[in-house]
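The next block holds one structure in the form of structure tokens; read it before the comments.
The values are calculated or read from the model by the stated rules, or taken from the named source; none is laboratory data. Worth saying up front: this structure is predicted, and the values here are computed from it rather than measured. Here the Cβ positions follow ideal geometry from the backbone for every residue, glycine too, while neighbour counts run over all protein chains shown. Please note that ligands, DNA and RNA were not included when accessible areas were found on the heavy atoms of the full protein model with its side chains. Shrake-Rupley method; radii C 1.70, N 1.55, O 1.52, S 1.80 Å.
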Amino acid sequence: MTANPPKLRAAGGPGLPDVLVCVFQRGAADGMNSIIPYGDGDYYNLRPDIGILPPNQGGALDLDGFFGLHPAAAELLPPYQMGRLAAVHATGVPHNTRSHFDAQALVESGAADKQYLGTGWIGRHLAATESPSDRPFRAVAISGAVPMSLVGADDPLAVDSLEDFGIGDVGGTSYQDTLDTLYTGDLPFSGVAQAALTAMDELAASDPTQYPPENGADYPQSQLGSGLLQAAQLIKADLGVEVVCVDVSGWDHHENLPTVMPGSLADLAAALNAFHTDLGATMDHVTLAVMTEFGRRAAENGSNGTDHGTGGCAWLLGGGVIGAQVAGTWPGLDAGSLFQGEDLAITTDLRDVLVQLLERRLYSQNAATLFPGFTPGVVPGLFLNKS
Amino acid sequence: MKDAAKLIPPLDRRRFLEMAGRGIGASALVALLPGCGSGGGGSSGGGLGGTGVPLASLEVQALRRTSFGVSPDSLAAINALGVPNYLEQQLNYQAIDDSAIEAAVASTFPLASQTPAQLYPGFPDNIGDIVEDLVGATLYRAFFSPRQLYEVMVEFWSNHFSIHLVNGIIPALKPYDDFAVIRPNAMGKFRDLLQASAKSPAMLYYLDNFVNFVGEPQENYARELLELHTLGVDGGYTEDDVKEVARCFTGWTINQNTGEFLFVPFLHDNGAKTVLGTLIPVGGGVTDGETVLDLLASHPSTANFIATKLCRRFLSDDPPAGVIAAVATTFNLTDGDVVEMLRTLFASGEFQDIQDQKLARPMEFIGGLVRALNVNQTLPPDDGRLYFALLNLLSQVPFYWIPPNGYPDVAPYWGSTSGFLNRWRIALALNAPVIQEYFPVEHTVAGATNLAETVDLAAAAVLYRELSVADRTTIIDWLVTELGVTAQQPLDQATVNALAPFVVAMLVSSVYFQLR
């Protein structure tokens, strides 16, 4: 199959908002064993058995003389060194809960201190902006279900597989038309059923799965690899997609972290690197953000893992990202600096990062108002202003 | 004009009947078969969100909520007994004979009743067989047991104390959790269930308490015990309570030889602890954890949390406060007696008044298909592997939910575009002949002599409620156009039978079949 010639996209082109790809690490990724603060000696006191050695002892891959990348995530070095990948350390939403489910709902809502909003930060952004197109693909989750972050947008799509999103050939359109009529009107689930029927037609017409990975990109065979490959295909298919959400689960490493976490990190790195490689110049108009519900306890626990904590790290990838930096203020790991005496403190509110992303890359006006109850703080420059 | 089949223009008829075995029916789903390839509700006050659609009968509504789907037998039973007597019979579940089901389960799914010690020697090579047997037994009982309410509660508690099956050594431990923890206590006292779960090797492993030792605390189980099993996240505990509870459960681990619960005194933190303001003095040993379970099981937040989940299961995603309070009161008065809580719930005005508010989850969607169509209630020749595959497509295989909060029971989660699409694909698969061995459809239209009767009989047999006039007209008009006959023109039984899978697929795809 030959790819269609590129057309001006509803989002993701010059003068148009970036396409936002939001990756959520479910389970609370351990930021301190992803980006190693090897320059802080307390790190090794807190994590004598699971800490990653400094670069000069063959451990972490140096990033800036203080932080190093976990060696399993080596595939992130190329985009980092190209200046297109940044990390923010000691970040998070100060929700002060250590429940996975509560915290995910709050981070996806963009809410602190248990202010449940019932909608997601992306959903509110989309509801507040006019779609540059009238296509049904503004917000897509590569998932069987819609994540909280998209709630609030008009009929966000959950697409578990682009390839299988159809009901098959039923000998003409009358079957589907009849189903459409049965779901018309003031019925429960008529909105979602109509959205599914419309999306089915659009996907059949544009067939995003015809776009193979380009530039030698090699996606891992995993939830995240498959999710980002499909995100890239949706972007290439010119369906008017503005936001794609992709989940990656399996970050709740309570035990045997040195054995189990490298696989998760290698997958994350390979998938992000493949996405960046695949999209090539299109990455100038795509911003990918990786976040998690909270970081983990600064000290290791009794089973070579880490329990639930507070500050974590976030990753930002794209042509509009001011990369090659580990941004944020390092709070330190001495007893007096730890949050509640045991967690990495949050020094950068994740919502400040998101506000800058929305304003500089998605043309959002007053993005801070999308986060009720939030007082913006000062953050380092993470994104170039989109012209 | 006696031969009805001749009334159908050949081209149209062929095109229509060609649907059979094509699309999803012939490819993806059939490929799942063994040996066949690689591999928010509406407002109250009316049916279907107050749209004037005819309501289902009270009997059908009660069945939809207290079973995995309406079957002709269960409908006959509840019509004969009346709703209150039928529910009372279901609550008194031990008096219902399920020996035939249990005999079939024992012979077909033997690993589902084996202990860790029995399963260890074959581990890990037997993981696939264990998963197949445990899931198979669970689905077989859910879809075919006459103790429907009991099986609903087994599913409820399996989800409340959710354990991800394919995780480390859990395949060897989870069958025991099923037959010794969940099933014996599903209609018993909450306190008994809670303690059985706390000592369940599968739970100890899943939430890491088996490596929770003095001086090296591991608080994963302690936190989920408070948040998910008892008090609820806003149930009034602090981070210090989590740590103290973790200390109380130090030394609760697994015997590595037998796979049974083991308390190891020298791994237990014997210091004093304070949990929810209560001092747990030094030297309590294994009773520290048991004291915590007492505190939690008798805490008003637990009563409220369990009552809310029960009301969410049987009434609506956001159940009214009054009925939650009534069920919570029963929890407090009866030491968390499940039967008494259900009795309170079923006797409430809300149980009668709240209708068409729940989206059937995949378990009830597939269960509803099986129970409506497989009227002989026989296990298919593949030992239920097709059911497994269908639930996998819909993302609700029992024990496959990974985090400890269990499958959601609210419409926003299941009512996604993918969720609906996959239901429609499965409905269309009813056209594939091989699928009809598992979901026979012809009996639903037996005796129909024209299109209108075909639609009416199929609707009665599958939906157990009337279609609205508009929806009935829509479906009949579709068939009239496709076949080029009028609604009343006579058809022979062979033509009616050929239509049946499409008519049933359309009904199963409609919103009527998605409600619980």
*Accessible area, 1.4 Å probe, largest first: how do B:164, B:229 sort?*
B:164, B:229
*With the full set of protein chains in place, find how many percent of the accessible area of chain A is carbon and sulfur; take the probe as 1.4 Å.*
50 percent
*Solvent exposure of chain B as accessible area per residue, Å², 1.4 Å probe*: 34 Å²
*Could you please state, rounded to a whole Å, how far the C-alpha centre of segment B:472-490 is from the C-alpha centre of segment B:223-297?*
66 Å
*Would you compute, for the Cα atoms of segment B:202-324, the largest minus smallest coordinate along each principal axis and list the three values in descending order, in whole Å?*
48, 33, 19
*Would you work out which of A:43, A:147, A:33 lies farthest towards the positive end of the dipole of segment A:19-370, given +1 charges on the beta-carbon of Lys and Arg and -1 on that of Asp and Glu, about the Cα centre?*
A:43
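Under a point-charge model restricted to the Cβ atoms of Lys and Arg (+1) and Asp and Glu (-1), what is the dipole moment magnitude of segment A:19-370 relative to its Cα centre, in debye to the nearest 20?
That gives segment A:19-370 a dipole magnitude of about 700 debye.
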*Can you give me the P(r) profile for chain A? Cα pairs, bins 10 angstrom wide beginning at 0, each as a whole percent.*
5, 24, 33, 23, 10, 3, 1, 0
*Answer with one residue from A:327, A:385, A:303: the one whose Cα lies farthest towards the positive end of the charge dipole of segment A:289-387, charges on Cβ with Lys, Arg +1 and Asp, Glu -1.*
A:385
*asked:* Probe of 1.4 angstrom, ligands and nucleic acids ignored: what's the accessible area per residue over segment A:19-370, in square angstrom?
replied: 31 Å²
_Cα gyration tensor category, rounded, prolate or oblate, for segment A:185-305 with a/c compared to 1.5_ = oblate
*1.4 Å probe, heavy atoms, protein only - residues of segment B:373-419 losing at least 40 Å² accessible area vs chain alone*: B:416, B:417, B:418
*Take peptide A:156-167, look around each residue's Cβ out to 10 angstrom, count Cβ atoms belonging to other protein chains, and average those counts.*
5
*asked:* Rounded to two decimal places and with Rh computed the Kirkwood way over Cα pairs, what is Rg over Rh for segment A:176-218?
replied: 1.26
*Quick one: Debye curve from the alpha-carbon atoms of segment B:352-407 only, equal weights, vacuum; give me log10 I(q)/I(0) at q = 0.25, 0.27, 0.31 Å⁻¹ to two decimals.*
-1.06, -1.13, -1.26
*May I ask you to derive the FRET efficiency for residue A:116 and residue A:207 from their Cβ-Cβ distance with R0 = 60 Å, giving the value to the nearest 0.05?*
0.90
_Rounded if a/c under 1.5, otherwise prolate or oblate - segment A:121-240, Cα gyration tensor axes_ = oblate
*Run the 1.4 Å probe and let me know the accessible area of residue B:486, rounded to the nearest 10 Å².*
70 Å²
*In a Debye calculation with equal point scatterers on the alpha-carbon sites of chain B and no solvent, what is log10 I(q)/I(0) at q = 0.07, 0.08, 0.12, 0.13 Å⁻¹?*
-0.43, -0.55, -1.11, -1.26
*Other chains' Cβ within 10 Å of B:219-229 residues: what's the mean?*
3
*To two decimal places, what compactness ratio does segment B:466-511 give when its Cα radius of gyration is scaled by 2.2 N^0.38 Å?*
1.15
_Residue with peak Gaussian network fluctuation, chain A [Cα springs, cutoff 10 Å], from A:56, A:273, A:45_ = A:56
*Take the Cα coordinates of segment B:343-490, assign each an equal point scatterer, and use the Debye formula without solvent to give log10 I(q)/I(0) at q = 0.09, 0.16, 0.17, 0.19 Å⁻¹.*
-0.38, -1.10, -1.19, -1.32
*Report the accessible area of residue A:62, computed with a 1.4 Å probe over the heavy atoms of all protein chains in place, in Å² rounded to the nearest 10.*
80 Å²
*Can you give the charge dipole size of the protein assembly as shown about its Cα centre, rounded to the nearest 20 debye, using +1 on the beta carbon of Lys and Arg and -1 on the beta carbon of Asp and Glu?*
1080 debye
*Considering only protein heavy atoms, with the full assembly of protein chains and a 1.4 angstrom probe, order A:254, A:285, B:443 by accessible area, largest first.*
B:443, A:285, A:254
*Decide, for segment B:203-249, between rounded, prolate and oblate: order the square roots of the alpha carbon gyration tensor eigenvalues as a ≥ b ≥ c, take rounded if a/c falls under 1.5, and otherwise choose prolate if a/b is larger than b/c, else oblate.*
oblate
*With axes computed from alpha carbons, what is the tilt in degrees of helix A:257-279 against the longest principal axis of chain A, rounded to the nearest 10 within 0 to 90?*
50 degrees
*Rule-of-thumb check for segment B:230-299: C-alpha Rg over 2.2 N^0.38 Å?*
1.15
*asked:* Could you give the length gained by full extension between residue B:472 and residue B:494, i.e. 0.36 nm per residue of separation minus their alpha carbon distance, to one decimal place?
replied: 5.7 nm
*Of B:174/B:309; B:189/B:358; B:199/B:273, which pairs sit farther than 25 Å apart, going by alpha carbon to alpha carbon?*
B:189/B:358
*asked:* Run the numbers for residue B:57 and residue B:117: contour at 0.36 nm per residue of separation, minus the present Cα-Cα distance, in nm.
replied: 16.7 nm
*asked:* On a 1.4 Å probe surface of the protein chains, which of A:236, B:199 comes out largest in accessible area, and what is the full order?
replied: B:199, A:236
*On the full set of protein chains, 1.4 Å probe, figure out the accessible area of residue B:311 and give it in Å² to the nearest 10.*
0 Å²
*List, largest first, the extents of the alpha carbons of the protein assembly as shown along their principal axes, each in whole Å.*
93, 70, 51
*If all Cα-Cα distances of segment A:248-387 are sorted into 5 Å bins from 0 onward, what percent lands in each bin, rounded to whole numbers?*
2, 9, 15, 18, 19, 17, 12, 7, 2, 0, 0
_10 Å Cβ neighbours from other chains, averaged over peptide B:203-215_ = 2
*Accessible area buried between chains A and B, both sides summed, probe 1.4 Å, in Å² to nearest 100*: 4500 Å²
